[in-house]
Protein chains: 2
Amino acid sequence: MAEPSTRTVSRALDLLAAVCDAGDVSLADAARRTELNSSTALRLLRTLEGAGFVRRDDDGVYRPGLRIVQLGAQALSAESLVSLAEAPLRRLVEATGESCYLSVPHLQGTRGEHGIYLAMEEGTHSIRHTSWVGRTVPLEGTAVGAALRGDVPDAGPEAGYVVAGDVVESDVTAIAAPVRVPAADREGRIVAALSVVAPSYRMDETTVTACGRLLAEEARSILHAVETADS
Amino acid sequence: MAEPSTRTVSRALDLLAAVCDAGDVSLADAARRTELNSSTALRLLRTLEGAGFVRRDDDGVYRPGLRIVQLGAQALSAESLVSLAEAPLRRLVEATGESCYLSVPHLQGTRGEHGIYLAMEEGTHSIRHTSWVGRTVPLEGTAVGAALRGDVPDAGPEAGYVVAGDVVESDVTAIAAPVRVPAADREGRIVAALSVVAPSYRMDETTVTACGRLLAEEARSILHAVETADS
DNA sequence: AAATCGCGTTTCAATAAGTGAAACGCACTC
DNA sequence: GAGTGCGTTTCACTTATTGAAACGCGATTT
């Protein structure tokens, strides 16, 4: 927030982000997280509450309100990156049989960065499991995190993807590839990651390699789609 | 916005909603929708843009930014209503084989109200189709809309649900039931709708009735879950 | 070609909108 | 009982915010 901006609004948006990141937060904690005087925070949170962006139940704790859910869901459905990734995700599921995901970087206030899942397609083997949209994933120790950080080999047999035993779920192998969009430098800018997650017993070395290469290929297909749309 | 609030923040949130509702909007149109002076709107939109809530491409049009997508997705995954509806949605799919949805009311500025889909479970028959999360549905002429408006028989053979040939998609039958939470009156307050959508050729009268009753029952199970959590 | 219209952007005087320190009551802990 | 932290209210102060006006530009109309 180094650019000229409307200070009051910036403060309110910081509070909104703090509530969403924390999931539930007291007034005092919200004020601390945003380094605001508590009466200022109270006033701004009351405005956010009145507009439905946060809610406050009888326990006095602030939580995200339906308005951010509504607008976020609406924006998610209109998000071009999600649309562009849909066909690649589906192709990946057809080719691998495993569940595949699109994730993007997610700033989380002062608590470092995470990734966040925006879309998924379920694998053909899978027992049904809960929706991953909106879940966050650490940038350290995960394949998705490494892809989002750009910590990916760019030459050799594993070029374009990264493999990890996922720290979030054990006995699971995750493979991820960064999705780039055109930028000033030749490499492009990483805006998302495609990933495949499967139980390790199904992922021998040959399968991992094949999956990884598919991922890298589909990530490039998204870049191509962006470049085509731009010209 | 009749309560004491921070005017500047309220204005910025109105602009954010206008951008999300419109999908793409010029500065002049955003200012008109929110009845703000254009230099005020420019300044507030610049703040929203700086914080990532809206973005402005070379065409000068404002669109939702990644930040609202991120926070919205995060809030969606934490939303208790979505969690509570997950098992009922899955049971409905198992019992009917059709795709099932959770939707909530969605205020859309001065343009009347819509519903918005927050969750779905795909049916077992279905050809894969695109994600419905975030899509809006008119309140008039649809089963979901009627359920969200409470325009549902509360006695008789069709108590608790409503059936419509869906105006959004033809040759489709939609059945919906309102989800209520405890409120001061005995009826409770409608906060969401469960719906089943299927091609009409699969929905004879007996099937419709069975589906409808299941929907009403599952809607009641959510109410029970809420009441249990509150006590 | 000239006039008109609408758009987006910048500037600045005016003011009222927003702020934070202080006070207070309450609950909890030692 | 004393201390601590929380949430809420109050109010004097000031600065953050505002909108009218000006301007350049492109598109449309006369």
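The values are calculated or read from the model by the stated rules, or taken from the named source; none is laboratory data. All values derive from a computational prediction rather than experimental measurement. Note: ideal-geometry Cβ built from the backbone for every residue, glycine included; neighbour counts use all protein chains shown. Note: areas computed on protein heavy atoms with side chains; ligands, DNA, RNA excluded. Shrake-Rupley method; radii C 1.70, N 1.55, O 1.52, S 1.80 Å.
Along Cα→Cβ at 7 Å, what distances in nm separate the B:D171 label point from those on the other copies, shortest first? Copy-to-copy label distances at B:D171, shortest first: 4.6 nm.
Computed with a 1.4 Å probe on the full set of protein chains, the accessible area for B:R135 sits at about 90 Å².
Sorted largest first by accessible area at a 1.4 angstrom probe radius, with every protein chain in place, the residues A:T136, B:T96 fall in the order A:T136, B:T96. Here B:A183 yields copy-to-copy label distances, from shortest upward, of 4.9 nm, the label point defined as 7 Å from Cα along Cα to C-beta.
Report, in deg cm²/dmol and to the nearest 500, the calculated mean residue ellipticity at 222 nm for chain B, where each DSSP H run with n ≥ 4 adds -39500 (n - 2.57) and the sum is divided by the residue count.
-14000 deg cm²/dmol
Protein heavy-atom accessible surface, 1.4 Å probe, per residue over region A:130-205: 48 Å². Taking every residue in B:77-85 and counting other chain Cβ atoms within 10 Å of its Cβ, the average works out to 4.
In chain B, the beta carbon lying closest to the axis that superposes B onto A belongs to the residue given here with its whole-angstrom distance, B:G72, 0.
A 1.4 Å probe over all protein chains sorts A:D151, A:D29 by accessible area into A:D151, A:D29, starting with the largest. Rolling a 1.4 Å probe over the protein heavy atoms leaves A:H224 with an accessible area of roughly 110 Å².
Computing Rg and the Kirkwood Rh from the Cα coordinates of chain A gives a ratio, Rg/Rh, of 1.03.
Ligands, DNA and RNA aside, A:S99 has an accessible area near 10 Å² when probed at 1.4 Å. Note that region B:7-69 shows a convex hull volume over its alpha carbon atoms of 70 Å³ per residue.
Using the Cβ-Cβ distance between B:D59 and A:S38 with R0 set to 35 Å, the FRET efficiency works out to roughly 0.25.
With respect to chain B, whose longest principal axis is taken over its alpha-carbon atoms, helix B:205-230 is tilted by about 60°. Helix B:7-22 and the long axis of chain B differ in direction by around 60°, with both axes built from C-alpha atoms. May I ask for the angle, rounded to the nearest 10°, between helix B:66-78 and the longest principal axis of chain B, with both axes built from Cα atoms and the value confined to 0 to 90°? Rounded to the nearest ten degrees, it is 30. Computed from label points 7 Å out along Cα-Cβ, the spacing between B:D24 and B:H125 is 3.7 nm.
Tell me the distances, shortest first, between A:E35 and the same position across the other copies, using label points 7 Å along Cα→Cβ, in nm to one decimal. Label-point separations across copies, in nm and ascending: 3.8.
Counting only Cα atoms, the size of region A:1-138 along its three principal axes is 56, 38, 26 Å, in decreasing order. For labels at A:D171 and A:E86 in the simple 7 Å Cα→Cβ model, what's the distance in nm? The two pseudo-label positions are separated by 3.6 nm.
Computed over the protein assembly as shown, the P(r) tail beyond 37 angstrom holds 29 percent of alpha carbon pairs. Averaged over the residues of peptide A:97-107, the number of Cβ atoms from other protein chains lying within 10 Å of each residue's Cβ is 2.
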